[in-house]
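Enquirer: Structure below; questions to follow.
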Amino acid sequence: MNRLNFLFQEALPLIQEWLRDVINEEVTKALEADHAKKRLPKQYSRQEVCKMLGISMPTLWAKTKCGEIKATKIGRRVVYDEREIQRFLAQ
């Protein structure tokens with residue numbers, strides 16, 4: 001019985017350390033996956049969108065005004081969401 005107690009006393013810290021490492025690894029993976037889901041989409045300026053789509057500024061303005069592509073105003077800046085550009089290109 002003394003040998004068994006001795007083995008448990010020796011093994012317990014090793015098992016605890018191993019479990020701590022496994023749990024830390026899994027929590028880190030879960031947090032990274034959650035962070036990736038919450039990643040904010042990139043936003044582009046009007047000039048960048050015109051270059052990406054190969055259109056002029058007046059054409060982009062017209063498409064925005066009629067609702068073909070949605071813009072967001074941040075202060076005085078007008079930006080276009082990456083997902084919105086992808087949606088527009090998919091049409």
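The values are calculated or read from the model by the stated rules, or taken from the named source; none is laboratory data. Everything quoted here is computed from the prediction, not taken from an experiment. Backbone-built Cβ (ideal geometry, glycine too); neighbour counts: all protein chains shown. When the accessible area is computed, the model is the full protein with side chains, heavy atoms only, and any ligands, DNA or RNA have been set aside. Shrake-Rupley method; radii C 1.70, N 1.55, O 1.52, S 1.80 Å.
Enquirer: Mind putting together the pair-distance distribution for the chain? All Cα pairs, 5 Å bins, whole percent per bin, short to long.
Expert: Calculated over all Cα pairs of the chain, the distribution is 2, 11, 15, 13, 7, 6, 6, 6, 5, 5, 5, 4, 4, 4, 3, 2, 1, 0 percent.
Enquirer: Can you tell me the 0 to 90 degree angle between the C-alpha axis of helix 2-37 and the longest principal axis of the chain, rounded to 10?
Expert: 0
Enquirer: Give the carbon-plus-sulfur fraction of the accessible surface of the stretch 35-76 in %, rounded to a whole number; probe 1.4 Å, heavy atoms of protein chains only.
Expert: Values: 1900 of 3460 Å².
C and S atoms contribute 55 percent here.
Enquirer: Quick one: what are the phi-derived ³J(HN,Hα) couplings along the stretch 45-59, Karplus 6.51/-1.76/1.60 with θ = phi - 60°, whole Hz, x for glycine and proline?
Expert: With coefficients 6.51, -1.76 and 1.60, one gets 6, 4, 5, 5, 5, 4, 5, 4, 8, x, 10, 7, 4, x, 5 Hz.
Enquirer: Can you give me the long-range amide H partners of Ile69? Hydrogens built in the peptide plane at 1.01 Å from N, cutoff under 5 Å, separation of 5 or more residues or another chain.
Expert: HN-HN under 5 Å from Ile69: Thr64.
Enquirer: Then there's this: Where in the stretch 42-87 are there trypsin sites (Lys or Arg not before Pro) that are in a DSSP coil and have at most 16 other Cβ atoms within 10 angstrom of their Cβ? Don't skip to the answer; put the middle values down first.
Expert: Details: sites: Lys42, Arg46, Lys51, Lys63, Lys65, Lys70, Lys73, Arg76, Arg77, Arg83, Arg87; in loops: Lys42, Lys70, Arg76.
Sites meeting the loop and neighbour criteria: Lys42, Lys70, Arg76.
Enquirer: Ok, one more. What is the magnitude of the charge dipole of the chain about its Cα centre, with +1 placed on the Cβ of each Lys and Arg, -1 on the Cβ of each Asp and Glu, and no other charges, expressed in debye to the nearest 20? Kindly include the intermediate steps, with their values, before the conclusion.
Expert: Numbers: 17 positive and 12 negative charges, 198 e Å.
The calculation lands at about 960 debye.
Enquirer: Using Cα pairs closer than 8 Å and at least 6 residues apart in sequence, work out the relative contact order for the chain, in percent. Don't jump to the answer; show the numbers that get you there.
Expert: Numbers: 46 pairs, mean separation 22.6, N = 91.
Averaging sequence separation for qualifying contacts and normalising by length gives 25 percent for the chain.
Enquirer: Oh, and also: I'd like to check one number: the per residue accessible area of the chain, probe 1.4 Å, reported in Å² as a whole number. Intermediate values should be presented prior to the final figure.
Expert: Numbers: 7870 Å² over 91 residues.
Each residue of the chain exposes 87 Å² on average to a 1.4 Å probe.
Enquirer: Could I ask something else about it? Which one, Leu60, Gly75, Val22, projects farthest toward the positive side of the charge dipole computed for the stretch 1-87 from Cβ point charges (K/R +1, D/E -1)?
Expert: The residue sitting most towards the positive pole is Leu60.
Enquirer: Per residue of the chain, what 222 nm ellipticity follows from adding -39500 (n - 2.57) for every DSSP H run with n ≥ 4, rounded to the nearest 500?
Expert: Values: 4 runs with 62 residues, N = 91.
Result for the chain, helices only: -22500 deg cm²/dmol.
Enquirer: Could you bin all the Cα-Cα distances of the stretch 5-50 into 5 Å bins starting at 0 and give me the percent of pairs in each, rounded to whole numbers?
Expert: Result returned by the calculation: 4, 17, 11, 11, 10, 9, 9, 7, 6, 5, 4, 3, 2, 2, 1.
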